[in-house]
Amino acid sequence: MKTLEIAVAGCGPAGLATALLLSRDGHRVTLFERFTTPRPIGSGLMIQPTGLAVLHMLGLAEIVLAKGARIDRLIGKTDRGRKVLDVRYADLGRGGHFGIGIHRAALFDALTHAVTEASIMIETSREVVRSKLLSGGRRNLEFADGASAGPFDLVVDALGTGTPLAPPTGHALAYGALWASLDWPRDARFDVAALEQRYVRASKMAGVMPIGQPDGFDAPQAAFFWSLRADQFDAWRRGGLDAWKTEVLALWPVASSLLDQVLTAERLTFARYNHRTLACPSEPAMIHIGDAWHSTSPQLGQGANMALLDVYALAMALRSAPDVAGALSNVVAARRTHVAVYQGMSRLFTPIYQSDGVMLPWMRDWLVGPVARLWPAPAVLALIVSGLVGAPLRRLGLETVDIQRAAKSFVPEPRV
């Protein structure tokens, strides 16, 4: 395909990765960001084998492996110590798979550095409000200050769930979460190679995940989160930290070494979540990727990974299709099944782990938990968590990416 003029709206991981891949393919790419200085938002995330394969193609897997923390299992227990979740990547039976817990700042810095080195143009203080299809099939971008940019052969919408470039759809989820990045306690009794969770039914959940040591931090970090109904956030603030800490410690006493670092409410960030799926993620000369196309509860830890798969699908489609319209059609075809599967599973699992229900959590604890330990459930659960249901890597030609060999050089074997 000829060299295209491409606008990428949004400087999150999806937007940065898009700019990097498409620029390397010879297209002229401009990134537009509403903040004066692009910055990451949030604490930690999990890079799954799917996302790591794309980062490998970007030449960034080694950096992510070095800055992150290896995750080999997910463990969930009730307040009474009953184990109801134990997912191990080793159960995939394919050798060498694992997740990477990483601070969002570390992933953002790796992508931003690569974009800067590639001399990709970033226009900041550009709040995108709409895009118009122009005569000739090209598009522009319009900004909150009345200015505009373009025309572009392709606009890539990586603005997330609240994107103004797509029609509103979906719904806000009842539960969000308080997040904090804290120093990993030296005396902690947490598994250093696991995402651990504790539950009271589905209305209370605490979690701890190692996320490595980004630049500028003096110690390895832990992502700590606490599930909270969005409509109870103001009441939580009024109740004060001491009352909240007492509630957390009643569920998980060993979390005291983390809570001691939370001295003010400002140390915690409240994240709200939405379930959103665009019926038509592509329009003439525009495509919506990542959360702008499909957003879910964070239960399955797939958000950033699915966005990276969207990015790679777009790059591959632009290489092979004769025109932009054909490329966008190919992207949707390549990603639709995987997106639908994980959107469906998000709807299924969210009420089991974040809801006011009683029956579903009871079934999780007393029926699903024991059954999940029977063959072939462990392998199925590992396949779900890793993001590999629907064979997304094979669909994108990434199944032969050998990141395991490189991983041995940068990620130590798990320690417990």
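The values are calculated or read from the model by the stated rules, or taken from the named source; none is laboratory data. Just so you know, these numbers come straight off a predicted model, no measurement behind them. No Cβ is skipped: glycine too gets one built from the backbone with ideal geometry, and neighbour counts run over all protein chains shown. For accessibility, only protein heavy atoms count, side chains too; no ligands or nucleic acids. Shrake-Rupley method; radii C 1.70, N 1.55, O 1.52, S 1.80 Å.
The heavy atoms of E247 present about 70 square angstrom of accessible area, all protein chains included, probe 1.4 Å. In plain terms, the bigger the Kirkwood radius, the slower the diffusion; for the range 152-247, with that radius from Cα pairs, at 10 °C and 1.306 mPa s, Stokes-Einstein puts D at 96 µm²/s. With all distinct Cα pairs included, what does the Kirkwood hydrodynamic radius of the chain come out to in Å, to one decimal, could you say? Here the Kirkwood hydrodynamic radius works out to 22.1 Å.
Between the Cα long axis of helix 13-24 and the first principal axis of the chain there is an angle of about 40°, rounded to the nearest 10. Note on the chain: with neighbouring protein chains present and a 1.4 Å probe, carbon and sulfur make up 53 percent of its accessible heavy-atom surface. Take R28, project a point 7 Å from its Cα along the Cβ direction, then tell me which residues of the range 102-124 have their backbone nitrogen under 15 Å from it. Zone members listed by number: 120-122. About its Cα centre, the chain has a charge dipole of approximately 960 debye under the convention of +1 per Lys or Arg Cβ and -1 per Asp or Glu Cβ, with nothing else charged. Summed over all non-identical Cα pairs, the Kirkwood treatment of the range 71-156 gives a radius of 18.0 Å. Counting only aspartates and glutamates at least 8 places from K132 when in the same chain, those with an alpha carbon closer than 15 Å to its own are E142, D153, D157, E283. Taking W362, W293 and ordering them by how much accessible surface each has at a 1.4 Å probe, largest first, produces W362, W293. For the residues D72, D183, a 1.4 Å probe over the protein chains yields an accessible-area ranking, largest first, of D183, D72. Per residue, the accessible area of the range 1-123 comes to 38 Å² when a 1.4 Å probe rolls over the protein heavy atoms.
Straight-line cross-link partners of K204 among the lysines, defined as a Cα under 27 Å from its Cα and at least 8 positions apart when in the same chain: K77, K83, K245. Full extension of the chain between L249 and L134 gives 35.6 nm of extra length, using 0.36 nm per residue less the Cα-Cα distance. Shape call for the range 252-353 from the C-alpha gyration tensor, a ≥ b ≥ c root eigenvalues: rounded (a/c under 1.5), prolate (a/b greater than b/c) or oblate? Prolate is the answer for the range 252-353, as a/c is 1.5 or above and a/b outweighs b/c. What number comes out for the charge environment of A7, summing +1 per Lys or Arg and -1 per Asp or Glu over other residues with Cβ under 15 Å away? So the surrounding residues net to -1.
Its Cα gyration tensor gives the range 42-112 an equivalent ellipsoid. The semi-axes, each the square root of 5 times an eigenvalue, are 26, 16, 7 Å from largest down. Once the 1.4 Å probe is applied to the protein heavy atoms, the range 156-269 comes out at 45 Å² accessible per residue. Centroid-to-centroid, using Cα positions, the range 296-369 and the range 240-277 are 27 Å apart. Rounded to 0.05, the FRET efficiency of the D231 and E5 pair, given R0 = 41 Å and the Cβ-Cβ distance, is 0.40. Axis angle, to the nearest 10 degrees, between helix 324-353 and the longest C-alpha principal axis of the chain: 20 degrees.
Using the Kirkwood formula over every pair of different C-alpha atoms, what hydrodynamic radius in Å results for the range 1-65? After inverting the mean inverse Cα-Cα distance, the result is 13.2 Å.
P(r) tail, the range 18-170: Cα-Cα pairs separated by more than 29 Å, 35% of all pairs. Quick note on the range 276-409: its Rg to Rh ratio, both from C-alpha atoms and Rh being the Kirkwood radius, is 1.05. Projected onto its three principal axes, the C-alpha set of the range 205-294 covers 53, 35, 21 Å, listed from the longest axis down. Between the exposed loop cleavage positions of the chain, defined as trypsin sites (Lys or Arg not before Pro) in a non-H, G, I, E, B DSSP state with at most 14 neighbouring beta-carbon atoms within 10 angstrom, the longest gap is 83-185.
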